[in-house]
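Notes to accompany the following structure.
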Amino acid sequence: MGRKIVITSGKGGVGKTTVTANLAYALAAAGERVVAADGDLGLNNLDVAMGIEGKISYDLFDCMEGRCRAKQALVQSPWHKNLFVMPACFGKNRKEANAAAMRSVIGDLGRIFDFVLIDCPAGVGEGFRRAVSCSEEALIVTNPHVSSLRDADKVVNLMNETHPVNMWTVVNRMRGDLAAAGEILTPREISSLLSVELIGVIPEDDGILCGAALGGKKSARAFAVLAANLIKNRRRIYDCVGAYTGFWGSIKRKLKSIL
Ligand SMILES: Nc1ncnc2c1ncn2[C@@H]1O[C@H](COP(=O)(O)OP(=O)(O)OP(=O)(O)O)[C@@H](O)[C@H]1O
Ligand SMILES: [Mg+2]
């Protein structure tokens with residue numbers, strides 16, 4: 001049975017979809033068979049992030065409603081032969097979408113793939129509960145800012161109460177220069193505040209989307225480390241802060257603040 005991992009955050013816009021897409025690619029590049037499922041039935045955008053918009057015949061909701069089988073809705077990603085997307089589509093009525101039906105479709109995917117990543121909608125409403133209920137593990141994505149941390153903390157507490165699964169923290173949009181200067185929390189401080197073990201740190205990277213998946217951008221290495229941590233059950237952390245500490249680091253920090 002494949003691992004079913006929800007990528008959630010509480011707060012919107014912290015990078016759930018970006019982490020889902022890039023982690024899915026990194027896992028596939030490491031030899032795993034991976035599907036990224038868009039759990040945001042109302043405001044889908046994983047299809048765009050993964051470059052498969054325009055190739056969708058059926059979506060997750062169609063599978064949930066029995067209009068097609070899970071395999072018929074899957075779209076192969078142009079990024080890797082082992083990488084597939086289970087899209088969601090905008091514009092149909094999702095209010096009545098049934099959590100049990102979604103769990104059944106995600107369960108079918110778990111029989112085909114090594115990893116099923118579920119991109120969770122923002123907030124802690126119906127869509128969140130539905131997506132989370134399909135998972136057996138969770139990545140809590142947060143930015144190193146108080147507002148996103150506060151929401152991540154709410155999600156952790158909510159999950160502990162309602163759907164306790166193994167959880168890990170992924171700190172996204174990390175600025176090593178600011179952490180080294182003491183202006184923002186370090187990833188370790190963040191994970192200790194959340195009481196959820198750190199498994200990944202993704203740096204702020206302007207070229208992150210498809211660029212990271214297609215290689216050459218700085219976040220690609222961080223996603224490869226995160227993927228290896230999940231596969232090998234280890235905890236190496238991509239270091240964004242070290243380069244900005246010590247004598248040369250302080251010069252780099254100064255230069256970054258000027259440029
Ligand atoms: N590490 C990063 N470096 C730079 N930009 C990033 C990074 N991660 C995400 N972004 C940008 O932040 C924006 C929001 O990202 P994304 O859509 O993945 O967030 P989300 O949590 O899925 O949002 P929503 O809650 O609306 O679903 C996007 O423009 C994305 O490119
Ligand atoms: Mg999203």
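The values are calculated or read from the model by the stated rules, or taken from the named source; none is laboratory data. A quick note: this is a predicted structure, and the numbers were derived from the prediction, not measured. Here the Cβ is made from the backbone with ideal geometry for all residues, glycine too, and neighbour counts use every protein chain on show.
Exactly one residue among Pro78, Pro144 is part of a loop (DSSP other than H, G, I, E, B), out of contact with any strand residue (DSSP E or B) (no Cβ under 7 Å at 6 or more places or on another chain) and on the phi < 0 side of the Ramachandran plot, and that residue is Pro78.
A count restricted to region 4-56 and to residues that are farther than 18 Å from Ser133 by Cβ, within 11 Å of ligand 2 (Cβ to nearest atom) and of a type in the set (S, T, N, Q) stands at 4.
Each row is one residue, and each column tells you yes or no for (1) away from ligand 2 (no atom under 16 Å from the Cβ); (2) β-branched (Val, Ile, Thr); (3) in contact (Cβ under 8 Å) with a residue 60 or more places away in the chain.
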site: Leu158; (1), (2), (3): yes, no, no
site: Met167; (1), (2), (3): yes, no, no
site: Met174; (1), (2), (3): yes, no, yes
site: Pro187; (1), (2), (3): yes, no, no
site: Ile202; (1), (2), (3): no, yes, yes
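Here Phe247 passes the criteria (1) free of Cβ contacts under 8 Å to residues at least 40 places away in the same chain; (2) in a loop (DSSP other than H, G, I, E, B) except the one numbered (2). If we keep just the residues of region 221-259 that are β-branched (Val, Ile, Thr) and at pLDDT below 95, which is nearest to Glu204 (Cα to Cα)? By that ranking, first place goes to Val241. From Phe61, Phe84, grab the single residue that is within 21 Å of Ile7 (Cβ to Cβ), within 21 Å of the chain's Cα centre (by Cα) and part of a helix (DSSP H, G or I). The match here is Phe61.
If we scan region 96-117, do we find a residue that is within 16 Å of ligand 2 (Cβ to nearest atom) and either assigned to a loop (DSSP other than H, G, I, E, B) or at pLDDT below 95 (or both)? Checked region 96-117: no residue is within 16 Å of ligand 2 (Cβ to nearest atom) and either assigned to a loop (DSSP other than H, G, I, E, B) or at pLDDT below 95 (or both). For region 54-81, residues that are of a type in the set (S, T, N, Q) and more than 16 Å from Val116 (Cα to Cα) total 2.
Asp151 fulfils the conditions (1) crowded, with 16+ Cβ neighbours inside 10 Å; (2) under 30 Å from Asp239 (Cβ atoms); (3) touching a helix residue (DSSP H, G or I) at 6+ places or on another chain (Cβ under 9 Å) except for a single criterion, (3). Pairs linking a residue in region 116-127 that is on the phi > 0 side of the Ramachandran plot to a residue that is in a loop (DSSP other than H, G, I, E, B), with Cβ atoms under 8 Å and 6 or more positions apart or on different chains, are Gly123/Gly10; Gly123/Gly12. Test of understanding: among Val241, Val201, Val156, Val196, which residue is hydrophobic (A, V, I, L, M, F, W, C) and touching a Gly at 6+ places or on another chain (Cβ under 7 Å)? Going through Val241, Val201, Val156, Val196 in turn, the sole match is Val241. Of the conditions (1) within 16 Å of ligand 2 (Cβ to nearest atom); (2) in a loop (DSSP other than H, G, I, E, B); (3) not β-branched (Val, Ile, Thr), Met1 satisfies every one except a single condition; which number is it? If we test Met1 against (1) within 16 Å of ligand 2 (Cβ to nearest atom); (2) in a loop (DSSP other than H, G, I, E, B); (3) not β-branched (Val, Ile, Thr), just (1) comes out false. For region 98-123, the tally of residues that are touching a helix residue (DSSP H, G or I) at 6+ places or on another chain (Cβ under 6 Å) and more than 29 Å from Ala29 (Cα to Cα) stands at 2. Within region 1-48, the residues that satisfy the criterion of being among the charged types (D, E, K, R) and either without any contact (Cβ under 8 Å) to a residue 24 or more places away in the chain or closer than 11 Å to Asp119 by Cβ (or both) are Lys16, Asp38, Asp40, Asp47. In the list Asp47, Asp38, which residue meets the criterion of being buried (at least 18 other Cβ atoms within 10 Å of the Cβ), at pLDDT below 95, charged (D, E, K, R) and under 20 Å from Thr8 (Cβ atoms)? Just a single option satisfies the conditions, and that option is Asp47. For region 22-47, filtered to residues that are assigned to a helix (DSSP H, G or I) and over 15 Å from Pro121 (Cβ atoms), the residue that is nearest to ligand 1 (Cβ to nearest atom) is Asn22.
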